[in-house]
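The values are calculated or read from the model by the stated rules, or taken from the named source; none is laboratory data. Please read all numbers here as calculations on a predicted model, not as lab measurements. Cβ coordinates were reconstructed from backbone atoms using ideal geometry, including for glycine residues, and neighbour counts include every protein chain displayed. We work out accessible area using only protein heavy atoms, side chains counted, and drop any ligands, DNA or RNA first. Shrake-Rupley method; radii C 1.70, N 1.55, O 1.52, S 1.80 Å.
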Amino acid sequence: MDNKDSNKNFPHDSAIKHVTGASVYVNDMPMSDRLLCGRVIYSPHAHARILSFDITAALQLKGVHAVLTYKDVPGQNQMGPIIHDEPCLSEGEVNCIGQAIFLIAAETEEIAIAAEKLIKVEYEVLEAVLDIEKSIALGSLIAPPRRIERGDTDAAMASAPNRIKGTLRTGPQEHWYLETQSALCVPGEDREMTVYASTQNPTETQAIVAEVLGVGKNDVVCEVRRLGGGFGGKETQGNHVSAWAALLAHATKRPVKIHLFRDDDQKITGKRHRYLSHYEVGFDDNGIIRSYIVDLNADAGWATDLSMSILERAMLHAENAYFLPNVRITGSAWKTNLPSNTAFRGFGGPQGIAVMETAIDRIGRQLKVDPLEIRKRNFYKHDTNNTTPYGQLVENNRIDVIYDKLSVSSEYERRRKEVDAFNAGNKYVKKGLAFTPVKFGISFTTSFLNQAGALVNIYTDGTILVNHGGVEMGQGLNTKMQQVAAAELGIPASWVKVNATNTSKVPNSSPTAASSGSDLNGMAVKNAVDNIKSRLSDFVIKRFNNGLEGELSQKEQLLYADAEIIDIAHPDRKIGFKELISLAYVGQVGLGASGFYKTPGVNFDRAAGTGKPFHYFSYGMAVSEIVLDTLTGSHKLLRTDIIHDAGSSLNEGLDIGQVEGAFVQGAGWVTTEEIKWDKLGNQLNHSPDTYKIPTIQDIPADFRVELLQGHPNDNTIRRSKAVGEPPFMLAFSVWLAIKDAIASVGNYCIEPEFGLPATNELILLAIEKIRKQAPVVQ
C-alpha cells in the first residue's frame, strides 16, 4: 500500500465478513452448554402502582435458574447515566410500558417464556401523561429550562417590518439498528464479570454494571468487537441489557445472554425526542432576519437519560447556517409516561434546525421569493462579526464555496424553472424542489468527554495491534484507525490489526457519539504511535551515525514511508521497517505505548449560554427533487445532489457511504417513519411490518454525492472532518421539496399546514385545506 494518502478508498476491514455472514456479533459468540437465556419482564401499563407480586411458581419451573426482582440487586438499583432517576428494576411503581420489573434466567427461551406466564402481579393503574401538551399543562419539567440569548430580541421583533409566528411538531424516530440490544455476561473469579456488549459506550456499561453489582470497576471488563448499528440507541440504553444480564449471571454463577426480540426492543427502548416548537421571526422586506424567538419543548419520556444534553445541542443548532443578530432560544424537556427518549444521530440538531428551515421557507413564500434566495441572504459570512448566538466565531466557513459549487453542479436554476412549468401544466401530479444547508458543530458539548485513549503494540515480526476507545458499529472507525496507524508508521495497512474495544486495555473512554470517533481516537492512536516512533528514531539515529565522521543524521530528518525509515537529508541512509523492529527488540527498545488526546480549546458555560462548545463546524448542502401524486399523497424522490465537507477525508469511500446512509435515514424521519401510541400508551407500530424505515424504493433514483475537495481541516487527525451526523440534516431538502409541491397546488400563494414526518396522510390533509381555500386553482 502507498501510505502517502493512506489509501483514500481502502475497503472496510470487515466488508467481506459482513456480506458472507462471518462477522461475529454478541448473539453469534460461541458459548458452553452452561449458557443461560435471560429474559426481561416489563410493565404492561404506562403508569401504575405494583400492589403485589408472586414469583414462586416461576421459580419452581424446571429449567429456571433465577427470577430476580429489585430486592435481588446487590448494588445500586439504578442505571440512569447522568441523573440516577431510572431504576434497574421497578421498586413498586412503573412509569411506562416497557419498564423492567423482573428478570428470568432459564435453560432455554421457551422455558423463560413459560416462567413469565407464571408470575402473578397486581397493579393499580394510575393516570398517564402521553403527550407534551398535557405535561406542559401539569408543569412536569424533567429539569429547569435553559436559555441562549443575544441582542434585544423583543425590540428588534417589534420594529421588524414583517413577522411570522408558528408551531412545528417534529416526530420521534426508531433507531432500527439491525442488531437488537444484546449482551453476554460471564462471571469469573470472586466478583469478576466480563461483559460482551452491543454498546456505544463500553466505559459507561462497565460503570453501570459495577454499580448494580456493588463491585469496583476493576472487577468488570466490557468488551465490544462490533455493533450491528447503533445510531445513538446504544449510547446509554445498551447499558440496560448489560446490567440485566450481569445481575442474572451474578445470581446464577453462569454465563447469561440477553438478546431482545425486535418487537420487545421497539417497545421498551427510547426514541428520537419528539418536539413541540413555537417560533416567531421578524424580518425586513429583503428577507433578512432581524429577530428570532424559538421555544423548543422536548418529550423526555419518563426519566432523564440524555434529554438535557440533546436539548442543549438542539438549542446550539437552532440558527443552522444563518447569522441572527437578535435571538432568544429557550429549551424545556417534559416528562411523559413513555420510554425514556435518548440519543439519535444528530443528537437534537435535527429538531432545532427543522424549525429554522421552516421559518426560512415561510419567509420566502410570504415575500414571493424563492426560499433559496432567503437562505443565501442570511448565510454566515466571513467577517469577525459572524458569531453564533452563543458567541463562537464561525471560522473556516465553507458555506459560500459549497453553495457556489452545488448551484452549478445541481443545475438548480434551470430545474427550478422546469419544476414551476411542470406544476403549471399538471393538475394532479406536482413536483417539488428544495435546496437546504447544514452547519453542524463537532465536539461533545460536555467538554470533559472530548478525550480519548489508545494502546499500540508492535510485535517482532513487524505487525501492529491497535486498541482504541471507540466502537466500530458499521461506520468504518476501525478501518480508519488502521489507516491512521499505517500512515503514521509509513507501512501497508495490511500490517495493522485493530482489536476489539476493551476497558481493561483502554480505560475511561468516551462514548462513540457526537461524530467524534475518528477525531478523538485517531489523535490518540497517533499519539501512541508517536511515542513509539520517538524511541525507534533515537535507535535509528544511533545506528545511522555509528562510526560516521562526516555530517550526522538528525532525528527530525527521518521519514517513515514505503515500509522504510529514511534520512531525507541522506537518502542512502535507510532501513526497512521490519528489520528495524527486529533490531530494536534485540536492542531493548520499548515497542508498545499508550496514547492520549484531549480536544483543545472547547468550553461552554451552560448557565450563561456562551462559550466555544465546538472544535470546528462541518458543512454540507443538498438539492432534492420529488414528484407527488396529490390524490394519494405518495411521492417519489427523483434526484438528490449533495456536496459535503469532510476536510481532507481519511477514507473517501467510507465517508461517502456515511453521507448517503445519513441522508437516507434522515429522509425516513421526515417522511415515512411515524410512531403512534394508543390512549393507554401502547406503541401501535412496534415491528418491521408496521414501522416503515426507508427501503430501496425510497433512495433517490438519481443520487449524486461528492465530498468537498481542496479544503483541509487544520488541527485534526490528518486534516479530516467528522462525517457521521451532519449529513442526516440534508434530508430537510426532501421534506421541503414535498412542501414545495404541496404549495404549488395553491399556486404558491397559501402556506401549507405542514409538520414532520410528512406522511401521506399529512400531505393529503394539507392539500385538501389548500383546495378548499382556492378551489379554482389547479
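Quick notes
- For region 305-351, the tally of residues that are acidic (D, E), within 13 Å of D295 (Cα to Cα) and either at pLDDT below 95 or not in a helix (DSSP H, G or I) (or both) stands at 1.
- Test: G620 is within 19 Å of R704 (Cβ to Cβ), in contact with a helix residue (DSSP H, G or I) (Cβ under 6 Å, 6 or more places away or on another chain), of a type outside the set (A, V, I, L, M, F, W, C) and crowded, with 19+ Cβ neighbours inside 10 Å: yes
- Region 192-203, residues that are part of a strand (DSSP E or B) and either modelled with pLDDT under 95 or open to solvent by less than 10 Å² (accessible area, probe 1.4 Å) (or both): M193, V195, A197
- Within region 453-476, one or more residues are more than 22 Å from S14 (Cβ to Cβ), assigned to a strand (DSSP E or B) and not charged (D, E, K, R).
- Members of region 609-633 found to be in contact with a strand residue (DSSP E or B) (Cβ under 7 Å, 6 or more places away or on another chain) and not in a strand (DSSP E or B), listed by number: G609, P613, F614, H615, T630
Yes or no, residue by residue, for (1) at pLDDT 95 or above; (2) in contact with an Asp or Glu (Cβ under 7 Å, 6 or more places away or on another chain); (3) open to solvent by 10 Å² or more (accessible area, probe 1.4 Å):
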residue: R704; (1), (2), (3): yes, yes, yes
residue: P712; (1), (2), (3): yes, no, yes
residue: R718; (1), (2), (3): yes, no, yes
residue: A731; (1), (2), (3): yes, no, no
residue: S744; (1), (2), (3): yes, no, no
residue: P757; (1), (2), (3): yes, yes, yes
residue: A774; (1), (2), (3): no, no, yes
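- Screening E189 on (1) open to solvent by 20 Å² or more (accessible area, probe 1.4 Å); (2) part of a loop (DSSP other than H, G, I, E, B); (3) closer than 19 Å to P507 by Cα; (4) not β-branched (V, I, T) shows it passes everything except condition (3).
- Only a single criterion out of (1) without any contact (Cβ under 8 Å) to a residue 60 or more places away in the chain; (2) in contact with a Lys or Arg (Cβ under 7 Å, 6 or more places away or on another chain); (3) of a type in the set (A, V, I, L, M) is not satisfied by V209, namely (2).
- When restricted to residues that are under 30 Å from D152 (Cβ atoms) and either open to solvent by less than 10 Å² (accessible area, probe 1.4 Å) or among the acidic types (D, E) (or both), region 291-331 contains 23.
- Residue, modelled with the lowest pLDDT, within region 374-396, restricted to residues that are out of contact with any strand residue (DSSP E or B) (no Cβ under 8 Å at 6 or more places or on another chain) and within 24 Å of L707 (Cα to Cα): H382
- In region 402-411, the residues that are open to solvent by less than 20 Å² (accessible area, probe 1.4 Å) and of a type in the set (S, T, Y): S410
- When the criteria are applied in full, I363 fails the requirement of being closer than 22 Å to F728 by Cα and assigned to a helix (DSSP H, G or I).
- Residue check for A646: small (G, A, S), at pLDDT 95 or above, open to solvent by less than 10 Å² (accessible area, probe 1.4 Å) and out of contact with any Lys or Arg (no Cβ under 9 Å at 6 or more places or on another chain): no
- Within region 204-253, considering residues that are part of a helix (DSSP H, G or I) and of a type in the set (D, E), the one surrounded by the fewest Cβ atoms within 10 Å (Cβ to Cβ): D219
- Condition check for K574: in contact with a strand residue (DSSP E or B) (Cβ under 8 Å, 6 or more places away or on another chain) and either farther than 28 Å from Q451 by Cβ or open to solvent by less than 30 Å² (accessible area, probe 1.4 Å) (or both): yes
- Restricting region 660-688 to residues that are of a type in the set (D, E) and open to solvent by 10 Å² or more (accessible area, probe 1.4 Å), the residue that is farthest from the chain's Cα centre (by Cα) is D678.
- Taking strands (runs of 3 or more DSSP E) as the structural unit, those lying wholly within region 71-171 and holding at least 1 residues that are open to solvent by 60 Å² or more (accessible area, probe 1.4 Å) correspond to 120-125, 146-150, 162-170.
Conditions (1) within 27 Å of the chain's Cα centre (by Cα); (2) crowded, with 21+ Cβ neighbours inside 10 Å; (3) touching a residue at least 24 places away in the same chain (Cβ under 8 Å), marked per residue:
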position: F422; (1), (2), (3): no, no, no
position: K427; (1), (2), (3): no, no, yes
position: P437; (1), (2), (3): yes, yes, yes
position: Y459; (1), (2), (3): no, no, yes
position: L465; (1), (2), (3): no, no, yes
position: E472; (1), (2), (3): yes, yes, yes
position: G476; (1), (2), (3): yes, yes, yes
position: T479; (1), (2), (3): yes, yes, yes
position: W495; (1), (2), (3): no, no, yes
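- Scan region 265-281 for residues that are outside any loop (DSSP other than H, G, I, E, B) and open to solvent by 30 Å² or more (accessible area, probe 1.4 Å) and the total you get is 3.
- Qualifying position, being surrounded by fewer than 17 Cβ atoms within 10 Å (Cβ to Cβ) and in contact (Cβ under 8 Å) with a residue 60 or more places away in the chain, among N508, N521: N508
- All conditions in (1) touching an Asp or Glu at 6+ places or on another chain (Cβ under 8 Å); (2) within 17 Å of A245 (Cα to Cα); (3) open to solvent by less than 50 Å² (accessible area, probe 1.4 Å) hold for L68, with the sole exception of (1).
- Test: T387 is among the β-branched types (V, I, T), closer than 28 Å to I148 by Cα, open to solvent by 30 Å² or more (accessible area, probe 1.4 Å) and within 26 Å of the chain's Cα centre (by Cα): yes
- Exactly one residue out of V540, V525, V529, V506 is closer than 27 Å to V26 by Cβ and in a helix (DSSP H, G or I), and it is V525.
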